[in-house]
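Novice: I am attaching a structure below and will ask some questions about it afterwards.
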Protein chains: 2
Amino acid sequence: MTEAEFLARLRTLPLHPGAHGLRDDAAVLAGMVVTTDTLVEGVHFLPGDPPADVAWKLVATNLSDLAAKGALVEGIMLNHPLTDTVWDSDFLDGLAAVLAAFDCPLIGGDTVSLLPGAPRVLTVTAFGVDAAAPARTGARAGDVLWVTGTIGDAGQGLAIAKGAAGDAALLARYRRPVPRLAEGRALAPFAHAMMDVSDGLLIDAGRMAAASGLAVTVDLATVPLSAAYRASAGDDLAARLVAATAGDDYELLFAAPSDWTPAVAATRIGRFAEGEGLSLWHDREPVEVPARLGFEHGVI
Amino acid sequence: MTEAEFLARLRTLPLHPGAHGLRDDAAVLAGMVVTTDTLVEGVHFLPGDPPADVAWKLVATNLSDLAAKGALVEGIMLNHPLTDTVWDSDFLDGLAAVLAAFDCPLIGGDTVSLLPGAPRVLTVTAFGVDAAAPARTGARAGDVLWVTGTIGDAGQGLAIAKGAAGDAALLARYRRPVPRLAEGRALAPFAHAMMDVSDGLLIDAGRMAAASGLAVTVDLATVPLSAAYRASAGDDLAARLVAATAGDDYELLFAAPSDWTPAVAATRIGRFAEGEGLSLWHDREPVEVPARLGFEHGVI
């Protein structure tokens, strides 16, 4: 069954008021924001990835969902499959590092056994408080679309993880993403809509527009690329399309009034208007929207 | 790595105050009780088990942890691996049934893909409010040990699920456990310690005694057996040891003052005393404690 079919069936079940119709990455419960992500070996991470990096990414991607809500981190729960001692021990080292880096306590969880050789499946559920951010549904016609940081680095990092030569900084963006928690806190009171970029800039921008009942235009020439990305992939239109459709950036994408400038480092990349759909430009030239805008799997 | 080693390492990490040192099935967070369980195909359920029953058991076992806290059900989150349409559709039927049966809304979750043929791994996280029950640490010397319902039925049901002949009622106890939510609410204000029986009556009674710093004596002759269990396995000492070391009962085990009688159907099966360890009797005869008291895997 596809995710869309599964979600459609879930929406026929009794839903909690805090579930927002299962149309958001996070739920609200007793004043807390709650989000959960599962990583599957061979699907979301590579069997050869260092276990400490898997732990980092598992926690960091959940905290990125809290960042998009402007929340303070309360803690995480971990569902962990026990396998060999070396892997589990290295995983625990990475878990200790990521929890310390983001001042995130452990709340509880579950451990299970797997059949020998079965791919690992790991889940983290993250809890945040004082979430001040709007949902992705709140963009208004005339709003500017902004994104923090740089886009496409993790996509290049994935290629390096698979064996390509490249810059260690790009690999680190793929394996050890940094959730934009401070930026999320700073932006939350002012943004009209906010989400994190996990599946690809273009697919996520299109989702924000659709959720807000609007059209969005992105100027690919303005998509922020790092020096390492430019050195690796260039910065022509083709390189910019690659960056904007790669996933795993974990930057914040937000809509804000056109007369406002954020207090954190961010780049204007587009604009919302009445209508629907995604349009692309490169400087003053229209660009055909590619069939694949990012990863289609994802969060309930 | 073993669960005990993994937990010991986790306890060196920064823990949330509501984690209770990772010594309880549930955490407390913003006034809510939170618990999570993962089921693995081939480990916790059989590949041939009906998907609707897997959904029921996944939710019911989490709600049983809430029942042990005397909590009201707030809702669940689901982490689901998408596989073939028939399996997922049958699973959704069971999910609808169990959520309706226990008035439990869906809060959110995550869907993921698996590699073809990989065993399914499913997680539910359950949230409850107004949890009035004490932890498993509160039993006092002189308290009576009680258990709700009957013990051992699910163990016989597991044998039937694996191909043995037997009573459909026993199979249902294994595949569709009923969390003792009403009993938990009624017992919570009076019990000194309470937990659900998931891994086996004897192992769980020993855990309650150890957590409370006490010894516990169980009289196997008093362990409540159903008519279906007696018809299937008999009720001699050997049959009673089988029942008391089988898992998946999801009854409530609780300690209470000796001069108090519960307002719900329950059976006196033992007594707490100063000291440590588990002692067994059968009527007036001492019984050697078996090496295996139940399942050793389990919850963080």
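Novice: Give the value in nm², to one decimal: projected area of the alpha carbon convex hull of the protein assembly as shown, averaged over all directions.
Specialist: 26.7
Novice: Residue farthest toward the positive end of the dipole of the protein assembly as shown, with Cβ of Lys/Arg at +1 and Asp/Glu at -1: which of B:Ala246, B:Val289, A:Pro134?
Specialist: Of B:Ala246, B:Val289, A:Pro134, it is A:Pro134.
Novice: Okay, next question. Name the nearest-to-axis residue of chain A, judged by Cβ distance to the rotation axis taking chain A onto chain B, and quote that distance in whole Å.
Specialist: Residue and rounded Å distance to the axis: A:Val121, 2.
Novice: Next question, about the same structure. How about region A:17-82: which trypsin sites (Lys or Arg not before Pro) there are in a DSSP loop, with at most 16 other Cβ atoms within 10 Å of their Cβ?
Specialist: Taking region A:17-82 and a limit of 16 other Cβ atoms within 10 Å, the loop trypsin sites (Lys or Arg not before Pro) found are A:Arg23.
Novice: Would you mind ranking A:Val33, B:Val73 by Cβ crowding within 10 Å, fewest neighbours first?
Specialist: B:Val73, A:Val33
Novice: Report the equivalent ellipsoid semi-axes for region B:60-131 in whole Å, largest first, defined as the square roots of five times the eigenvalues of the gyration tensor built from alpha carbon atoms.
Specialist: Working from the Cα gyration tensor, I get semi-axes of 26, 13, 10 Å.
Novice: A follow-up question, please. Can you tell me the dipole magnitude for region B:163-300 around its Cα centre, using point charges on the Cβ only (Lys, Arg +1; Asp, Glu -1), in Debye to the nearest 20?
Specialist: 380
Novice: Add -39500 (n - 2.57) for each DSSP H run of 4 or more in the protein assembly as shown, then divide by its residues: what number comes out at 222 nm, to the nearest 500 deg cm²/dmol?
Specialist: -9500 deg cm²/dmol
Novice: Rank B:Thr36, B:Gly117, A:Gly75 by how far each Cα sits towards the positive end of the charge dipole of the protein assembly as shown (+1 on Lys, Arg Cβ; -1 on Asp, Glu Cβ) and give me just the farthest.
Specialist: The residue sitting most towards the positive pole is A:Gly75.
Novice: Ok, one more. For region A:144-287, with the dipole built from +1 on Lys and Arg beta-carbon atoms and -1 on Asp and Glu ones, taken about the Cα centre, which of A:Val264, A:Ala231, A:Leu170 lies farthest toward the positive end?
Specialist: A:Leu170
Novice: When N is the residue count of region B:1-77, what does its C-alpha Rg come to as a fraction of 2.2 N^0.38 Å?
Specialist: 1.29
Novice: Further, regarding this structure: At q = 0.19, 0.21, 0.26, 0.28 Å⁻¹, what is the base-10 log of I(q)/I(0) for region B:233-300 according to the Debye formula with one equal point scatterer per Cα and no solvent? Please give it to two decimals.
Specialist: -1.10, -1.29, -1.44, -1.43
Novice: Within 10 Å of each Cβ in peptide B:79-92, how many partner chain Cβ atoms are there on average? Round it to a whole number, please.
Specialist: 4
Novice: What fraction of the Cα pairs in region A:3-129, stated in percent, has a spacing above 22 angstrom?
Specialist: 40
Novice: Additional query: If neighbour count is taken as other Cβ atoms inside 10 Å, put A:Leu114, A:Leu99 in order from fewest to most.
Specialist: Neighbour counts put them in this order, fewest first: A:Leu114, A:Leu99.
Novice: Further question on the same structure: Applying 1/(1 + (r/R0)^6) with R0 = 25 Å to the Cβ-Cβ distance of B:Asp93 and B:Ala165, what FRET efficiency is obtained, to the nearest 0.05?
Specialist: Efficiency for this residue pair is about 0.40.
Novice: Region A:144-287: percent of C-alpha pairs farther apart than 21 Å?
Specialist: Counting pairs separated by more than 21 Å, the tail of P(r) holds 40 percent.
Novice: Return a whole-number percent for the relative contact order of chain B, with Cα pairs under 8 Å and 6 or more residues apart as the contact set.
Specialist: Relative CO of chain B lands at 23 percent.
Novice: Right, here's the next one. Take every DSSP beta bridge with both residues inside the protein assembly as shown and express the antiparallel ones as a percent of the total, to the nearest 5.
Specialist: Bridges in the protein assembly as shown that DSSP calls antiparallel: roughly 75 percent.
Novice: Within region A:157-197, whose backbone N sits under 15 Å from a point 7 Å along Cα→Cβ of A:Ala231?
Specialist: Of the residues in region A:157-197, A:157, A:165-173 have backbone N under 15 Å from the label point off A:Ala231.
Novice: Quick check on chain B: what does the Kirkwood estimate of hydrodynamic radius come out to from the alpha carbon pairs, in Å?
Specialist: 19.7 Å is the Kirkwood radius here.
Novice: A follow-up question, please. Tell me the chymotrypsin sites (Phe, Trp or Tyr not before Pro) within region B:59-149 that lie in a loop according to DSSP and have at most 13 other beta-carbon atoms within 10 Å.
Specialist: Those that pass, being in a loop and sparsely packed, number zero.
Novice: Here is a further query. For B:Ala100, go 7 angstrom from Cα along the Cα-to-Cβ vector, then report the distances to that same point in the other copies in nm, smallest first.
Specialist: When each copy's label point is compared with this one, the spacings are 5.2 nm.
Novice: Next up: How much length is gained if the chain between A:Ala221 and A:Thr85 is pulled fully straight, taking 0.36 nm per residue apart and subtracting their Cα-Cα distance, in nm to one decimal?
Specialist: Stretched out fully, the A:Ala221 to A:Thr85 stretch lengthens by 44.2 nm.
Novice: Rounded to the nearest Å, what's the spacing between the alpha carbon centres of region A:18-43 and region B:76-104? Just the number, please.
Specialist: Region A:18-43 and region B:76-104 have Cα centres spaced 17 Å from each other.
Novice: Oh, and also: Could you list B:Arg120, B:Arg136, B:Arg185 so that the one with the fewest beta carbons within 10 Å of its beta carbon is first and the one with the most is last?
Specialist: Arranged by neighbour count, lowest to highest, B:Arg120, B:Arg136, B:Arg185 become B:Arg185, B:Arg120, B:Arg136.
Novice: Applying 1/(1 + (r/R0)^6) with R0 = 22 Å to the Cβ-Cβ distance of A:Glu288 and A:Ala141, what FRET efficiency is obtained, to the nearest 0.05?
Specialist: Calculated value: 0.35.
Novice: Just how large is the dipole of the protein assembly as shown about the Cα centre, in debye to the nearest 20, putting +1 at every Lys and Arg Cβ and -1 at every Asp and Glu Cβ?
Specialist: 480
Novice: If you don't mind, another one. Please give every one of the lysines within straight-line cross-link reach of B:Lys162, meaning a C-alpha to C-alpha distance under 29 Å, and leave out same-chain neighbours fewer than 8 residues apart.
Specialist: B:Lys57
Novice: Continuing with this model, one more query. Compare the peptides A:255-267, B:186-198, A:35-47 by average per-residue count of other Cβ atoms within 10 angstrom and give them in order, highest first.
Specialist: The peptides rank, most packed first, as B:186-198, A:35-47, A:255-267.
Novice: Between the label point of A:Arg140 and that of the same position in each other copy, find the distances and list them shortest first in nm, with every label point placed 7 Å from Cα along the Cα-to-C-beta direction.
Specialist: 6.2
Novice: A follow-up question, please. Taking the label point as lying 7 angstrom from Cα along the Cα-to-Cβ axis, what are the distances from A:Gly42 to the corresponding position in the remaining copies, in ascending order and in nanometres?
Specialist: Sorted ascending, the copy-to-copy spacings read 0.9 nm.
Laboratory data are not the source of any read-out in this text; all were calculated from the coordinates shown. Note that the coordinates shown come from a computational prediction; the quantities given were computed from them, not determined experimentally. Please note: Cβ atoms are built from the backbone with ideal geometry, for glycine as well, and neighbour counts cover all protein chains shown.
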